[in-house]
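A.B. asks: Take a look at this one; I'll ask things after.
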Amino acid sequence: MFYKSTTLHNILRNVSLHLPENFELVAGVKFDNIHLYYGLITVTVLGNAHGIKVLMSIPLKTAES
């Protein structure tokens, strides 16, 4: 299970680097908080004859909310 947590942590860290100004992940990117995302993220898998896409909906926050 550790490798799955590491993979998710790397994805979240990369996402956080590309967020617009004033947006951040709701639980930060500390590895100690990774377990929070297992209940927060919604995953959708789309596929056809040419491939599969995995879409992750990750909650964000701003300084105001």
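A.B. asks: Restricting attention to the stretch 55-65, which residues are exposed (fewer than 10 other Cβ atoms within 10 Å of the Cβ) and either out of contact with any Ser or Thr (no Cβ under 7 Å at 6 or more places or on another chain) or acidic (Asp, Glu) (or both)?
C.D. replies: Within the stretch 55-65, Ala63, Glu64, Ser65 qualify.
A.B. asks: What is the number of the single condition among (1) surrounded by fewer than 13 Cβ atoms within 10 Å (Cβ to Cβ); (2) out of contact with any helix residue (DSSP H, G or I) (no Cβ under 9 Å at 6 or more places or on another chain); (3) touching a residue at least 24 places away in the same chain (Cβ under 8 Å) that Leu46 does not meet?
C.D. replies: Among (1) surrounded by fewer than 13 Cβ atoms within 10 Å (Cβ to Cβ); (2) out of contact with any helix residue (DSSP H, G or I) (no Cβ under 9 Å at 6 or more places or on another chain); (3) touching a residue at least 24 places away in the same chain (Cβ under 8 Å), Leu46 violates only (3).
A.B. asks: Name the single residue, out of those in the stretch 7-34 being more than 23 Å from Ser65 (Cβ to Cβ) and free of Cβ contacts under 8 Å to residues at least 12 places away in the same chain, that is surrounded by the fewest Cβ atoms within 10 Å (Cβ to Cβ).
C.D. replies: Asp32
Any read-out appearing in this document is the output of simple, stated calculations on the displayed coordinates, not a laboratory observation. Fair warning: this is a prediction, and the values are worked out from it, not measured in the lab. Backbone-built Cβ (ideal geometry, glycine too); neighbour counts: all protein chains shown.
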